[in-house]
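First the structure, in the form of structure tokens, and then the observations on it.
The values are calculated or read from the model by the stated rules, or taken from the named source; none is laboratory data. It should be emphasised that the depicted structure is a prediction, and the values quoted were computed from it without experimental measurement. All Cβ positions, even for glycine, are placed from backbone atoms using ideal geometry, and neighbour counts span all protein chains on display.
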Amino acid sequence: MKIINTIEELQTIRKELSGTIGFVPTMGALHEGHISLIKNAREDNDIVIVSIFVNPTQFSVNEDLDKYPRRDAADKKICELCKVDYLFMPEINTMYKCDDEVLIKAPKISSFILEGEKRPGHYDGVLQVVLKLFNLVQPSNAYFGKKDAQQLSLISQMVKNLFLPINIVECEIIREQDGLAMSSRNVYLTQEERKEALAISKSLNVTIVSITKGQRDSKTIKDKMYEVMSNLDVEYVAIVNRDFEEIQTIEAKNTIILIACKVGTTRLIDNIWV
């Protein structure tokens, strides 16, 4: 595995590569969820490139940029064990060279709901850095987890709207044995908070059972989910279609049920695709 830190080196290497390129962009603190993305990329492609970059433009002033978990040595080892070919680890001043950059604006409707409402400007920053990385890596396939469902949707829209020749691969959510969705922010949870957070996946499991038994009314489902998570600080429960439009009735193979909540001071998200 070769570690790359500069734009110039990445561009030089990319010119020499042939075959399919699988790309997994990350912010580091790699866990089993990231590993599953890398394994999928390894199975599908001739070359695998992973990036690790904690992107400042997607954090607001009051968010956790400074304390976001960083484990460079462990991350390098994980990538090596997963047979990554190239690991791109740029500095901030490598990715952002001036204060007067050309900006990318997220869609004015679908990026200002749910996560976008709670985190103004977040998706502008996400799309900005992902587009930069796509332009540098020029992947055949790029791998993203379904856990960040709204992000996945907006990146897919960007690829379509800007005519990028990239296939976006949607990968399933990876969970701990007790059901908690894998997240780099899980390390912030105390032991007691970790137990409390299980109400999130429990509410989703209750929903799956309810839908299996024939329940289709969105309000009834959301009321039950709030009941299961009554001890948590729930920011939202949303039931939307794949275009992130709110729906009143569950639509088979076209529904995403999303949760955002705080457990202690840690903000967690989760979802199921129905």
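In region 101-135, of all residues being closer than 17 Å to Val54 by Cα and of a type in the set (A, V, I, L, M, F, W, C), the one that is nearest to the chain's Cα centre (by Cα) corresponds to Val126. Of the residues making up region 224-274, those that are under 20 Å from Ala197 (Cα atoms) and of a type in the set (Asp, Glu) are Glu227, Asp233, Glu235, Asp270. The C-beta contact set for region 4-15 (first residue within 11 Å of Val137 (Cα to Cα), second residue part of a helix (DSSP H, G or I), distance under 7 angstrom, 6+ apart or interchain) comprises Ile7/Thr94; Ile7/Leu136; Leu10/Leu136; Gln11/Leu136; Arg14/Val137. Among residues that are over 29 Å from Arg267 (Cα atoms), under 21 Å from the mean Cα position of the chain (by Cα) and of a type in the set (A, V, I, L, M, F, W, C), Val84 is included.
Please tell me if Ile257 is within 21 Å of Asp148 (Cβ to Cβ), of a type in the set (A, V, I, L, M, F, W, C) and either buried (at least 20 other Cβ atoms within 10 Å of the Cβ) or modelled with pLDDT of 95 or more (or both). Spelling it out, Ile257 is indeed within 21 Å of Asp148 (Cβ to Cβ), of a type in the set (A, V, I, L, M, F, W, C) and either buried (at least 20 other Cβ atoms within 10 Å of the Cβ) or modelled with pLDDT of 95 or more (or both).
Within region 48-71, residues that are touching a residue at least 60 places away in the same chain (Cβ under 8 Å) sit with their Cβ atoms under 7 Å from residues that are in a strand (DSSP E or B) and of a type outside the set (Phe, Trp, Tyr), at 6+ positions apart or across chains, in these pairs: Ile49/Ile21; Ser51/Pro25; Ser51/Thr26.
Among the residues of region 1-25, write down those that are closer than 21 Å to Tyr68 by Cβ and surrounded by fewer than 21 Cβ atoms within 10 Å (Cβ to Cβ). Correct list: Ile3, Asn5. Counting only residues that are crowded, with 17+ Cβ neighbours inside 10 Å and over 21 Å from the mean Cα position of the chain (by Cα), region 165-195 holds 1 of them. Picking from residues in region 175-230 that are assigned to a strand (DSSP E or B) and not small (Gly, Ala, Ser), the one that is nearest to Leu65 (Cα to Cα) is Arg175. The residues of region 141-172 that are farther than 15 Å from Ile269 by Cβ and part of a strand (DSSP E or B), listed by number, are Asn141, Ala142, Tyr143, Asn167, Ile168, Val169, Glu170, Cys171. In region 135-161, the qualifying residues are those that are under 20 Å from Lys105 (Cα atoms) and hydroxyl-bearing (Ser, Thr, Tyr), and the one that is surrounded by the most Cβ atoms within 10 Å (Cβ to Cβ) is Ser153. Across region 33-78, the number of residues qualifying as assigned to a helix (DSSP H, G or I), more than 29 Å from Glu117 (Cα to Cα) and under 18 Å from the mean Cα position of the chain (by Cα) comes to 7.
Here Gly121 fulfils each of the conditions (1) in contact (Cβ under 8 Å) with a residue 40 or more places away in the chain; (2) under 23 Å from Val24 (Cβ atoms) apart from (2).
For region 232-242, give me each residue that is under 30 Å from Asn62 (Cβ atoms) and either modelled with pLDDT under 95 or not in a loop (DSSP other than H, G, I, E, B) (or both). Result: Asp233, Val234, Glu235, Tyr236, Val237, Ala238, Ile239, Val240. The numbered conditions (1) more than 25 Å from Ile7 (Cα to Cα); (2) touching a Leu at 6+ places or on another chain (Cβ under 7 Å) are all true for Val209 except (2). Can we say Tyr96 is under 26 Å from Ser36 (Cβ atoms) and modelled with pLDDT of 95 or more? No. Does Asp217 satisfy being farther than 25 Å from Ser111 by Cα, among the acidic types (Asp, Glu) and surrounded by 13 or more Cβ atoms within 10 Å (Cβ to Cβ)? Spelling it out, Asp217 is indeed farther than 25 Å from Ser111 by Cα, among the acidic types (Asp, Glu) and surrounded by 13 or more Cβ atoms within 10 Å (Cβ to Cβ). Confirm whether Gly28 is within 19 Å of Val187 (Cα to Cα), in contact with an Asp or Glu (Cβ under 8 Å, 6 or more places away or on another chain) and of a type in the set (Gly, Ala, Ser). Spelling it out, Gly28 is indeed within 19 Å of Val187 (Cα to Cα), in contact with an Asp or Glu (Cβ under 8 Å, 6 or more places away or on another chain) and of a type in the set (Gly, Ala, Ser).
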